[in-house]
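> Handing you a structure now.
The values are calculated or read from the model by the stated rules, or taken from the named source; none is laboratory data. This structure is a prediction, so every number in the text was calculated from the model and none was measured. When we count neighbours, we look across all protein chains shown, and the Cβ atoms used for this are built from the backbone with ideal geometry, even at glycine. Calculation scope for accessible area: heavy atoms of the full protein, side chains included, ligands and nucleic acids excluded. Shrake-Rupley method; radii C 1.70, N 1.55, O 1.52, S 1.80 Å.
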Amino acid sequence: MLEVKDLHVTVEKKEILKGLNLTIKAGEVHAIMGPNGAGKSTLSAVIAGKEGYEVTSGSITFEGQDVLEMEIEERAQAGLLLGFQYPVEIPGVKNIYLLKAALNAQRAARGEGDIPAPEFMKLVKEKIAQMQMDPSFLQRAVNEGFSGGEKKRNEILQMLVLQPKLAMLDEIDSGLDIDAMRVVADGVNSLRDSKRAILLVTHYQRLLDYIVPDKVHVLMDGRIVKSGDAELAKELEVQGYEDIVEEPAA
Amino acid sequence: MATEEMEQLVRRDYKEGFVTDIESETVPPGLDESTIAFISNKKGEPDWMLQWRLDAYHQWLKMKSPSWAHLDYPPIDYQAISYYSAPKRPEDMPQSLDEVDPKLLETYEKLGIPLHERAALAGVAVDAVFDSVSVTTTFKKELGEAGVIFCSISDAIRDYPELIKQYLGTVVPVADNYFAALNSAVFTDGSFVFVPEGVTCPMELSTYFRINAANTGQFERTLIICESRAQVSYLEGCTAPMRDENQLHAAVVELVALEDAYIKYSTVQNWYPGDENGIGGIYNFVTKRGDCRGDRSRISWTQVETGSAITWKYPSCVLRGKESVGEFYSVAVTNGRQQADTGTKMIHIGEGTRSYIVSKGISAGRSDQSYRGLVKIGPRAKGARNFTQCDSLLIGDTSGAHTFPYQEIGNSTATVEHEATTSKIGEDQLFYCRSRGISEEDAVSMIVNGFCKDVFQELPMEFAVEAEALLNVTLEGAVG
């Protein structure tokens with residue numbers, strides 16, 4: 001589904017990613033872990049198309065399409081969706097309005113018409129209940145005055161409504177208490193199916209107790225230095241990043 | 001079809017002939033006493049009105065064009081302007097939408113203007129499209145039963161001379177400023193509204209206005225009076241783009257609110273802004289002032305300014321009555337080479353008066369915009385309060401925004417608060433919306449409309465929707 005090959009990325013003349021390779025197949029959940037400054041967030045930002053990141057070499061393909069040639073919105077329309085670590089506030093724009101505009105933009109890209117209003121309301125009500133959010137959130141301005149945890153729930157709410165093929169979640173666990181973590185993880189897990197994939201970017205193993213990944217990658221100094229299954233995350237928790245890499249490559 | 005009509009249709013293709021026809025009803029350029037006498041005579045005005053105009057003219061001669069605004073334009077040659085042209089006759093107007101510039105129709109489409117109104121707005125001879133007479137009659141009857149007078153200022157001078165003598169020029173004196181003095185000397189169009197004691201005007205006067213008076217003039221003069229406990233909501237202009245061969249526009253609007261009266265005055269201004277270099281755009285120099293003469297009266301200005309090459313406009317409130325309230329809600333959008341210097345004045349005279357200012361400025365392209373606001377609190381205005389919020393949004397790197405707040409506080413019991421922000425349209429906000437699949441253009445309009453929401457919600461409902469659409473049309477191509 002997603003194929004990242006020898007990706008080199010420079011931000012403000014500093015090379016952050018130095019030849020990263022990653023292959024994600026449909027149905028899989030991948031977790032990228034690593035210390036601060038390793039380039040974890042850079043990877044998801046580059047895939048989503050954020051400006052200010054210069055790809056100096058390498059390629060990203062998604063279902064055979066050259067992602068680097070696509071506009072930001074085209075990537076989202078193709079089914080690549082990024083959940084933000086720090087979701088931005090948009091004063092005066094109602095949450096429900098953003099949801100509807102995003103859903104309709106994606107439908108339009110697929111050649112479908114706007115979603116009928118009753119159908120949309122039914123869908124949103126169901127998803128907001130699933131995220132244990134108060135329906136009043138729909139009428140509030142996007143992320144404005146939301147607590148950290150509410151912002152994260154809101155990101156997952158968007159995922160549930162938009163149903164991406166590949167959901168990328170950047171530090172979705174940061175700033176969550178244990179109850180909120182469970183709700184967010186349940187939301188993410190409900191997206192898991194054989195046609196979809198999930199890429200988790202996280203600093204802590206804790207999240208992976210709730211969303212058990214198929215593959216775990218350790219990202220350090222711009223490269224994936226080690227890959228394994230969910231057990232790898234647990235080893236990391238015990239040994240720390242430095243020790244894991246110093247182990248002789250098996 | 002009669003041969004004569006055929007000939008007329010054919011002749012329409014010959015542009016020169018078409019223009020000559022109209023010119024015979026236009027006075028030659030230039031301004032002196034005889035021009036003013038000509039206008040007054042054309043309008044069938046009584047002698048006192050002519051004298052009033054001449055007095056304004058003599059004062060204007062002694063005045064100088066203001067230079068304090070943050071605007072840059074070549075000097076205006078007042079002798080090169082023609083000060084009177086007769087209203088177009090129906091046969092000189094386009095006879096159907098087929099004759100109207102397709103680009104204009106495309107814009108109507110984008111703005112979501114109802115089909116049946118498009119023809120009227122495009123200046124199509126209205127009777128050819130629908131029976132405007134019956135619509136007018138219905139409105140007139142309803143207003144008449146309520147005792148509301150709503151007519152052109154010229155009709156009012158003829159039919160209600162006592163009211164005109166009592167109120168005209170009492171809010172904006174003839175020599176108030178250069179452009180107001182010019183307007184007082186030569187005004188030819190505009191509206192008069194009188195709502196008698198205790199009456200709430202039974203309809204938004206916008207509804208009427210939209211259909212019947214879309215052709216506004218170069219020197220408009222509007223006077224609205226609400227007697228005690230009377231209320232009216234008036235909407236001037238429309239979202240449809242307005243073209244005019246006259247470059248200089250200098251309107252005067254006077255509002256008078258007596259005890260417990262409420263006047264809500266909304267403006268949507270979309271005059272031609274000129275081409276990408278600003279050539280040919282309208283210069284809009286407007287004096288608008290409301291007088292809260294009675295206790296507990298309230299005047300509310302709401303404006304959406306998107307057009308004109310130059311905008312010079314400060315709708316103001318004189319808060320004379322005890323506990324009277326003045327409000328100013330403004331969205332000004334400039335793009336291309338547009339320049340706008342706009343804001344408000346709140347003059348607190350009475351005890352316990354309150355004013356509320358919300359100004360949203362959006363500058364894109366190479367445009368330049370200034371907010372200029374004065375809050376003046378007099379010595380007798382005990383306990384007066386003002387709140388000002390003034391936000392600017394920049395789109396791109398070549399536009400400018402400036403804020404000039406002035407405060408003159410004449411007593412220590414007053415509370416004055418001012419908040420101002422300037423932000424660039426957030427790259428992060430744009431990325432957030434686009435990463436959800438929303439196109440860049442839609443994302444910009446979503447963010448900008450969100451920024452303006454506090455003001456849009458003050459507009460009459462149907463115009464709020466159009467105002468959003470108008471913003472999108474104005475900012476088309478502003479990003480990327």
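> Across the range B:247-280, what is the total count of residues that are in a loop (DSSP other than H, G, I, E, B), at pLDDT below 80 and open to solvent by less than 30 Å² (accessible area, probe 1.4 Å)?
Quick first cut of the range B:247-280, residues in a loop (DSSP other than H, G, I, E, B) only: B:247, B:250-251, B:258-261, B:270, B:272-280.
Now restrict to residues that are at pLDDT below 80: B:247, B:270, B:272-280.
Next cut, open to solvent by less than 30 Å² (accessible area, probe 1.4 Å) only: B:270, B:274, B:278.
The number of residues fulfilling the criteria is 3.
> Residues of the range B:410-430 being open to solvent by 80 Å² or more (accessible area, probe 1.4 Å) and either touching an Asp or Glu at 6+ places or on another chain (Cβ under 8 Å) or assigned to a strand (DSSP E or B) (or both), which ones?
Listed by number, the residues that qualify are B:Glu417, B:Glu419, B:Thr422, B:Lys424, B:Glu427.
> Looking only at residues in the range A:209-229 that are without any contact (Cβ under 8 Å) to a residue 60 or more places away in the chain and under 23 Å from A:Val188 (Cα atoms), which one is least open to solvent (accessible area, probe 1.4 Å)? Full working, then the answer.
Initially, the range A:209-229 is screened for residues without any contact (Cβ under 8 Å) to a residue 60 or more places away in the chain, giving A:209-210, A:225-229.
Filter once more, keeping what is under 23 Å from A:Val188 (Cα atoms): A:209-210, A:227-229.
Numbers: A:Asp209: 87, A:Tyr210: 64, A:Ser227: 71, A:Gly228: 24, A:Asp229: 85 Å².
The residue in question is A:Gly228.
> Continuing with the same structure: So which residues in the range A:26-41 are away from chain B (no Cβ under 14 Å) and buried (at least 17 other Cβ atoms within 10 Å of the Cβ)? Lay out the reasoning, then the answer.
Going residue by residue through the range A:26-41, those that are away from chain B (no Cβ under 14 Å) are A:26-40.
A:Glu28, A:Val29, A:His30, A:Ala31, A:Ile32, A:Met33, A:Gly34, A:Ala38, A:Gly39, A:Lys40, listed by residue number.
> Has the range A:109-119 got at least one residue that is at the interface with chain B (Cβ under 9 Å from one of its Cβ atoms), surrounded by 14 or more Cβ atoms within 10 Å (Cβ to Cβ) and at pLDDT below 95? Can you show your working first?
Start the filter on the range A:109-119 by keeping residues that are at the interface with chain B (Cβ under 9 Å from one of its Cβ atoms), which leaves A:109.
Now narrow it down to the ones that are surrounded by 14 or more Cβ atoms within 10 Å (Cβ to Cβ): A:109.
Among the residues that remain, those that are also at pLDDT below 95 are: A:109.
The answer is yes; a qualifying residue exists.
> Specify which of the listed residues (B:Ile438, B:Ile409) is more than 14 Å from chain A (Cβ to nearest Cβ), at pLDDT 90 or above and out of contact with any Ser or Thr (no Cβ under 7 Å at 6 or more places or on another chain). Quick ask: steps written out before the conclusion?
On the way: B:Ile438 fails: more than 14 Å from chain A (Cβ to nearest Cβ).
One residue alone meets the criteria, B:Ile409.
> Report, by residue number, each residue of the range A:79-100 that is open to solvent by 20 Å² or more (accessible area, probe 1.4 Å) and under 29 Å from A:His203 (Cβ atoms).
Of everything in the range A:79-100, those that are open to solvent by 20 Å² or more (accessible area, probe 1.4 Å) and under 29 Å from A:His203 (Cβ atoms) turn out to be A:Phe84, A:Gln85, A:Tyr86, A:Val88, A:Glu89.
> Are any residues in the range B:33-87 surrounded by 12 or more Cβ atoms within 10 Å (Cβ to Cβ) and basic (Lys, Arg), and if so, which ones?
Answer for the range B:33-87, where residues must be surrounded by 12 or more Cβ atoms within 10 Å (Cβ to Cβ) and basic (Lys, Arg): B:Lys42, B:Lys43, B:Arg53.
> Does A:Gln130 satisfy the condition of being away from every other protein chain (no Cβ under 14 Å), in contact (Cβ under 8 Å) with a residue 40 or more places away in the chain, under 22 Å from A:Leu169 (Cβ atoms) and out of contact with any strand residue (DSSP E or B) (no Cβ under 9 Å at 6 or more places or on another chain)? Reasoning before the result, please.
Values: away from every other protein chain (no Cβ under 14 Å): yes; in contact (Cβ under 8 Å) with a residue 40 or more places away in the chain: yes; under 22 Å from A:Leu169 (Cβ atoms): yes; out of contact with any strand residue (DSSP E or B) (no Cβ under 9 Å at 6 or more places or on another chain): yes.
Against the criterion (away from every other protein chain (no Cβ under 14 Å), in contact (Cβ under 8 Å) with a residue 40 or more places away in the chain, under 22 Å from A:Leu169 (Cβ atoms) and out of contact with any strand residue (DSSP E or B) (no Cβ under 9 Å at 6 or more places or on another chain)), A:Gln130 qualifies.
> Taking the range A:153-174 as the region of interest, how many residues are of a type in the set (Lys, Arg) and free of Cβ contacts under 8 Å to residues at least 60 places away in the same chain? Spell out the reasoning first.
Narrowing the range A:153-174 to residues of a type in the set (Lys, Arg): A:153, A:165.
Applying the additional criterion that residues be free of Cβ contacts under 8 Å to residues at least 60 places away in the same chain yields A:153.
Number of matching residues: 1.
> Restricting attention to the range B:464-478, and to residues there that are over 22 Å from A:Ala102 (Cβ atoms) and more than 14 Å from chain A (Cβ to nearest Cβ), which single residue is most open to solvent (accessible area, probe 1.4 Å)? Even if it seems obvious, please write down each step before you answer.
Our first condition is that a residue be over 22 Å from A:Ala102 (Cβ atoms); within the range B:464-478, this holds for B:464, B:466-467, B:470, B:473-474, B:477.
Add one more test, that the residue is more than 14 Å from chain A (Cβ to nearest Cβ), and what stays is B:466, B:470, B:473-474, B:477.
Values: B:Glu466: 13, B:Leu470: 3, B:Val473: 37, B:Thr474: 28, B:Gly477: 58 Å².
The selected residue is B:Gly477.
> Now a separate question. If we keep just the residues of the range B:441-463 that are surrounded by fewer than 23 Cβ atoms within 10 Å (Cβ to Cβ) and in a loop (DSSP other than H, G, I, E, B), which is farthest from the other protein chains (Cβ to nearest Cβ)?
This residue is B:Pro460.
> Does A:Leu169 satisfy the condition of being in a helix (DSSP H, G or I) and under 20 Å from A:Tyr86 (Cα atoms)?
Spelling it out, it is not the case that A:Leu169 is in a helix (DSSP H, G or I) and under 20 Å from A:Tyr86 (Cα atoms).
> Is it the case, given these coordinates, that A:Lys152 is part of a helix (DSSP H, G or I), more than 9 Å from chain B (Cβ to nearest Cβ) and under 27 Å from A:Leu200 (Cβ atoms)? I'd like the intermediate steps shown before the answer.
On the way: part of a helix (DSSP H, G or I): yes; more than 9 Å from chain B (Cβ to nearest Cβ): yes; under 27 Å from A:Leu200 (Cβ atoms): yes.
It is true that A:Lys152 is part of a helix (DSSP H, G or I), more than 9 Å from chain B (Cβ to nearest Cβ) and under 27 Å from A:Leu200 (Cβ atoms).
> Can you tell me which residues in the range B:368-381 are among the basic types (Lys, Arg) and open to solvent by 40 Å² or more (accessible area, probe 1.4 Å)? Talk me through it step by step, then tell me what you get.
Let us first name the residues in the range B:368-381 that are among the basic types (Lys, Arg), namely B:372, B:376, B:380.
Listed by number, the residues that qualify are B:Lys376, B:Arg380.
> Look through the range A:45-74, keep the residues that are touching a Lys or Arg at 6+ places or on another chain (Cβ under 9 Å) and within 11 Å of chain B (Cβ to nearest Cβ), and return whichever of them is surrounded by the most Cβ atoms within 10 Å (Cβ to Cβ).
Looking at residues that are touching a Lys or Arg at 6+ places or on another chain (Cβ under 9 Å) and within 11 Å of chain B (Cβ to nearest Cβ), I get A:Ile72.
> Further question on the same structure: Take the residues of the range B:382-406 that are modelled with pLDDT under 85 and surrounded by 18 or more Cβ atoms within 10 Å (Cβ to Cβ): which is nearest to B:Ala340 (Cα to Cα)?
The residue in question is B:Ser399.
> When you check B:Gly365 against the structure, is it open to solvent by less than 30 Å² (accessible area, probe 1.4 Å), in a loop (DSSP other than H, G, I, E, B) and modelled with pLDDT under 95, yes or no? First the steps, then the outcome.
Details: open to solvent by less than 30 Å² (accessible area, probe 1.4 Å): yes; in a loop (DSSP other than H, G, I, E, B): yes; modelled with pLDDT under 95: yes.
Criteria met by B:Gly365.
> Out of (1) in a strand (DSSP E or B); (2) more than 14 Å from chain A (Cβ to nearest Cβ), what's the single condition that is false for B:Gly352?
All conditions pass for B:Gly352, except number (1).
> Looking at (1) at pLDDT 95 or above; (2) open to solvent by less than 10 Å² (accessible area, probe 1.4 Å); (3) away from every other protein chain (no Cβ under 11 Å), find the lone condition where A:Asp173 falls short.
Tallying (1) at pLDDT 95 or above; (2) open to solvent by less than 10 Å² (accessible area, probe 1.4 Å); (3) away from every other protein chain (no Cβ under 11 Å), A:Asp173 fails exactly one: (1).
> Have a look at A:Leu99, A:Leu82 and point out the one that is in a strand (DSSP E or B) and either within 14 Å of chain B (Cβ to nearest Cβ) or among the acidic types (Asp, Glu) (or both).
On the way: A:Leu99 fails: in a strand (DSSP E or B).
On inspection, the qualifying residue turns out to be A:Leu82.
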